[in-house]
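In what follows, a single structure is set out as structure tokens and then discussed.
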Amino acid sequence: MTRAIVLAAALFSTVTAGCSGPVVLLPGKALEGQAVAAPAEWAFTDAVSTVQLETRPADPYSVNIWVIALGEHLYVHAGANRSEWVEHMEADPKVRLRVGDSIYELAASRVTGQDEFDRFSDAYEKKYDRRPRNENVGEAYLFRLAAR
């Protein structure tokens, strides 16, 4: 059993060595890619399941996350989970988002209106075939991303 654990740890270290972005569920550092201007609308992300979100510019922290496009805005959702990336965005709204090889510099703002949250929830269900876990805007962490 111990040998299997050592081999698994060695394989994991080899796979993740030198990775700047997140790996599966593990957060990463600064994202790499081509910096491009934010588009006027984000419908092209409907074909992309997972993107990478980088928070905390002073000490980059990146995660894999689902994203929902609604016109000129993108949305990321943490449910009722006040995760580390949520805390980072509340402290500093500057984020970077990687879709494919493109990096977009954006600003995050927490959604506080239930109508906007409901539109997000409908789009979330359409894209991912399920409703968000918590649809109460006062209890959930939903952020709108827009060009800086």
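The values are calculated or read from the model by the stated rules, or taken from the named source; none is laboratory data. The model shown is predicted, which means the values in this text are computed figures rather than measured ones. Heads up, the Cβs are rebuilt from the backbone with ideal geometry, glycines too, and the neighbour counts pull from every protein chain shown.
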Report task. Sort out which residues of the stretch 32-51 are within 12 Å of ALA69 (Cα to Cα) and among the polar types (S, T, N, Q), and write them in order of number. Result -> THR45, SER49
Report summary line: Apart from one, (1) modelled with pLDDT under 95; (2) buried (at least 16 other Cβ atoms within 10 Å of the Cβ); (3) farther than 25 Å from ARG133 by Cβ all hold for PRO27; the odd one out is (3)
Requested in this report: Starting from residues that are touching a helix residue (DSSP H, G or I) at 6+ places or on another chain (Cβ under 6 Å) and assigned to a loop (DSSP other than H, G, I, E, B), keep the ones in the stretch 52-101 and report whichever is surrounded by the most Cβ atoms within 10 Å (Cβ to Cβ).
Outcome: VAL67
Report task. All but one of (1) surrounded by 14 or more Cβ atoms within 10 Å (Cβ to Cβ); (2) of a type in the set (D, E, K, R); (3) part of a helix (DSSP H, G or I) hold for ASP115, so report the exception by its number. Result -> (1)
